[in-house]
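Trainee: Let me begin by handing over the structure; questions about it come next.
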Amino acid sequence: MKSNNSHNKEEENPKQETSPNNSHTTTLDSRFNQTLRNVQGLLKGRSFPGKVLITRRSDPADGTILGSPGGSSSSSRSPSEINSPPSEHNHIHMDDKEDHIHRDKPNTSTTDNKSNPSLSISNSEDITKEAPRFVMGARATDTARIIKFTKVLGGTTVILDKLRELAWSGVPSYLRPNVWRLLLGYAPPNSDRREGVLRRKRIEYFDCVAQYYDVSDEERTDEEINMLRQIAVDCPRTMPDVTFFQQAEVQKSLECILYTWAIRHPASGYVQGINDLATPFLVVFLSEHLEGSVENWSIADLDPEKISNVEADCYWCLSKLLDGMQDHYTFAQPGIQRLVFKLKELVRRIDEPVARHIDKQGLEFLQFAFRWFNCLLIREIPFHLVTRLWDTYLAEGDALPDFIVYIFASFLLTWSDKLVKLDFQEMVMFLQHLPTHNWNYQELEMVLSRAFMWHTMFDSCPNHLAT
Amino acid sequence: MAAYRADDDYDYLFKVVLIGDSGVGKSNLLSRFTRNEFSLESKSTIGVEFATRSIRVDEKIIKAQIWDTAGQERYRAITSAYYRGAVGALIVYDTTRHVTFENVERWLKELRDHSDSNIVIMLVGNKADLRHLRAVSTEDAKTFAEKENTYFMETSALEAMNVEDSFTEVLTQIYHVVSRKALDIGNDPGALPKGQTINVGSKDDVSAVKKVGCCSS
């Protein structure tokens, strides 16, 4: 995947690119191009509204972007560019716009966002310079997307499949709390029942807390005391770089959620990393009540009843999420081991030179991918991108464990050029601290789009993976 | 493939593991030793992490490949796989939390079950800077280390106290074992390929060089 990665370009001497690896990369390029052609063939005539940017094209222009090793470094930042010649944006990447909406949020109230989705144009100069048509189209599409969301959410019964389809490509942040509750099956699709169900579930959670958490240590078993101790050690270490999470009340809520979950799921109990998984829910459900960016939130501004409700929603959504991957956290974590194995197989099929290099250097996939699966990539990307990533996770629903393997393959192969140049030690260090701190929605969505493409290719044709 | 780099040259490559309960400061000990960094905002380690540093002993360059492991019990199935091939281990406890010291015994057993019997082990009491919160006395820990025939030191990753010394001591002791063994069998350890770890080997009597001597001060 030669030119997919603009980060390499910043870090490496361009000369390295014309190293003996050329033969590798050329093979790679042609294979990737082949992949693209296959997928385009596969998807021809089918529409995936807003899902992936396999765009209509009129010429076999792969070479323009992906060919010529060492060259063509100027393009390929967004998925739309990867999949079509730069000059031919006949399809718009809707989520580029999402991204602007997110950034606008702190300065605008939610109602503004609702009533005036077009406010995002102002942030699009970078795109404007490149292709004015892009902006026009993007704005239209974006409005259309919000209308679609509103329509799907507005009915008496939400059609979840439609919601998944839409949410896969990102949910506008002001709709996210409701969309997530629906996607996870926490809130019922039927709008008449919704409020009642949520009220009942919240009370059920409060009862659990009273029963399990709000008791003295004398009433706990040694095992429970150990678990509570472990959770208490980890809460202050959860999102330590986001000051909001350092507030005592936030940590108390987190502790309460985690402990209650752990007690009610004795097969796994609390496992380090589950604390990270609760954070996107906390942030998203709190965003219904707190304005501006997470950095400036103060939990003291919120009345206790609202905090309790948020906590209950987090608890249930975390539970729903983890229900789909129970054996990821049981003894020896077989679920994760299985997915790591699948990841290795998939990478071997997609990018054999990288797989061979990793193998030759003696690097085990478990050594780096374990954390990815355990924390669902939260540790590997900037926090402001996590909720966007989770839109896709939650839209996948029950299929998430399968699909996530494709996401992680795509994530890993973002650096395929780089990886083949590193020895064992350099690779471990590199994979431990991947250079994603400057990532924005484009980079993340590139990963997701490619994952979707590979999934479409391989998953329906298991023979691709067999040999 | 990676270009050969002169600063990556070494005579010996030793694999060392850092183990101990969650939150005792293993990751900060590692970052203090390898990068001279300390962070109050560090996250829990998931699975294993890895860092290296080279030191000089007797005109030889020793490269330490240090594996930092997650402290939670649930991860032991994953982390114990890393004990294989390790020639040194630091078992860390928190001097302000007695329970982490009580668990040292389990960590020792864990280590002895999964690693080479000749592994060089040091007991490390971290967070020694928090004097007013001390819950484990130096004497108790020293007695325990003597009984278990391990080295012992108290450290503070925050104040960079004894961190350098503890790692250096472990690496030096491993070096003594290995170089003695090399003399014995006429092997050239320097010729070992990179990415491989020297195994102390089971024939060697490492216990002869083990003594409780390098205590805190």
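Bear in mind these aren't lab numbers, they're just calculated from the coordinates by the rules spelled out. Fair warning: this is a prediction, and the values are worked out from it, not measured in the lab. Quick reminder, even Gly has a Cβ in these numbers, built from the backbone with ideal geometry, and neighbours come from all protein chains shown.
Trainee: Amide H neighbours of B:PHE50 under 5 Å, counting only residues 5+ apart in sequence or on other chains, H built in-plane at 1.01 Å?
Mentor: Close amide H contacts, sequence-distant or interchain: B:ASP68.
Trainee: Give, to the nearest whole percent, the P(r) tail of region A:309-398 beyond 20 angstrom, counting all Cα pairs. Write down the numbers at each step before the final one.
Mentor: On the way: 1936 of 4005 pairs.
In whole percent, the share of Cα-Cα pairs in region A:309-398 beyond 20 Å is 48.
Trainee: Sorting check: for A:149-160, A:238-249, B:113-124, B:10-21, which peptide has the highest mean count of neighbouring beta carbons within 10 Å, and how do the rest follow?
Mentor: Working: A:149-160: 14.0, A:238-249: 16.4, B:113-124: 21.2, B:10-21: 23.9.
Highest to lowest by the protection proxy: B:10-21, B:113-124, A:238-249, A:149-160.
Trainee: Within 10 Å of each Cβ in peptide A:423-430, how many partner chain Cβ atoms are there on average? Round it to a whole number, please.
Mentor: On the way: counts 8, 6, 10, 3, 1, 7, 4, 0.
Rounded to a whole number, the mean comes out at 5.
Trainee: As a quick test, which of the pairs A:LYS252/A:LYS306; A:LYS201/A:LYS306; B:LYS43/B:LYS109 have an alpha carbon distance above 19 angstrom in this structure? Please list the in-between numbers first.
Mentor: Details: A:LYS252/A:LYS306 15 Å; A:LYS201/A:LYS306 15 Å; B:LYS43/B:LYS109 27 Å.
Flagged as over cut-off: B:LYS43/B:LYS109.
Trainee: Moving on to the next point. Do me a favour and compute the ellipsoid semi-axes for region A:366-411 from its Cα gyration tensor, root of five times each eigenvalue, largest one first, whole Å. Intermediate results must be reported in sequence, preceding the final value.
Mentor: Working: eigenvalues 50, 41, 13 Å².
Each semi-axis is the square root of five times an eigenvalue, giving 16, 14, 8 Å.
Trainee: Next question, about the same structure. For region B:112-118, in order, what is each residue's ³J(HN,Hα) by Karplus, 6.51 cos²θ - 1.76 cosθ + 1.60 with θ = phi - 60°, in whole Hz (x at glycine and Pro)?
Mentor: Result, ordered by residue: 5, 6, 10, 10, 5, 5, 8 Hz.
Trainee: Per residue of region A:235-251, in order, report the coupling 6.51 cos²θ - 1.76 cosθ + 1.60 (Karplus, θ = phi - 60°) as ³J(HN,Hα) in whole Hz, putting x for Gly and Pro.
Mentor: 4, x, 9, 8, 6, x, 8, 9, 4, 3, 6, 8, 5, 3, 5, 5, 5
Trainee: Which of the peptides A:170-176, A:400-406 is most tightly packed, and how do the rest follow, going by the mean number of other Cβ atoms within 10 Å of each residue?
Mentor: Numbers: A:170-176: 22.9, A:400-406: 20.6.
Output ranking for A:170-176, A:400-406: A:170-176, A:400-406.
Trainee: I'd like to know which of A:VAL340, A:PHE373, A:CYS314 lies farthest towards the positive end of the charge dipole of region A:253-384, counting +1 on Cβ of Lys and Arg and -1 on Cβ of Asp and Glu.
Mentor: The residue sitting farthest along the positive end of the dipole is A:VAL340.
Trainee: Same structure, new question: Using all alpha carbons of region A:327-467, what is the percent of pairwise distances in each 10 Å bin, ordered from the shortest bin to the longest?
Mentor: Taking every Cα pair in region A:327-467, the percentages come to 11, 44, 38, 7.
Trainee: Sticking with this one: Please sort B:75-86, A:209-220 by packing, taking for each peptide the average over its residues of neighbouring beta carbons within 10 angstrom, highest first. Don't jump to the answer; show the numbers that get you there.
Mentor: Details: B:75-86: 19.2, A:209-220: 12.1.
Top to bottom by mean Cβ count within 10 Å: B:75-86, A:209-220.
Trainee: Do me a favour and compute the ellipsoid semi-axes for region A:414-461 from its Cα gyration tensor, root of five times each eigenvalue, largest one first, whole Å. Mind dumping the intermediate values first?
Mentor: Values: eigenvalues 120, 53, 11 Å².
Listed largest to smallest, the semi-axes of region A:414-461 are 25, 16, 7 Å.
Trainee: Hey, another quick one. Taking the Cα-to-Cβ direction at A:ASP301 and at A:SER460 and moving 7 Å from each Cα, how far apart do the two end points lie in nm?
Mentor: 4.8
Trainee: Tell me which residues come under 5 Å, amide H to amide H, from A:VAL171 once H is placed; ignore anything under 5 positions away on its chain.
Mentor: Residues meeting the amide H criterion: none.
Trainee: So, in nm, how far is label A:ILE203 from label A:ARG348 when the simple model puts each one 7 Å beyond its Cα toward the Cβ?
Mentor: Once both label points are built, they end up 5.5 nm from each other.
Trainee: Projecting each Cα onto the charge dipole of region A:147-250 (Lys/Arg +1, Asp/Glu -1 at the beta carbon, about the Cα centre), which of A:LEU228, A:PRO188, A:THR150 comes out farthest on the positive side?
Mentor: A:THR150
Trainee: Treating only the Cβ atoms of Lys and Arg (+1) and Asp and Glu (-1) as charged, compute the dipole magnitude of region B:66-123 about its Cα centre; round to the nearest 20 debye. Before the final figure, lay out each step's value.
Mentor: Values: 7 positive and 8 negative charges, 22 e Å.
Value, rounded to 20: 100 debye.
Trainee: Where the Cα atoms of region A:247-288 are projected onto their three principal axes, how long is each span, largest first, in whole Å?
Mentor: Principal extents (Cα only, largest first): 33, 18, 16 Å.
Trainee: Taking every pair of alpha-carbon atoms in region B:36-188, what share in percent sits in each 5 Å bin, from 0 to the bin with the longest distance?
Mentor: 2, 8, 16, 21, 22, 17, 9, 4, 1, 0, 0
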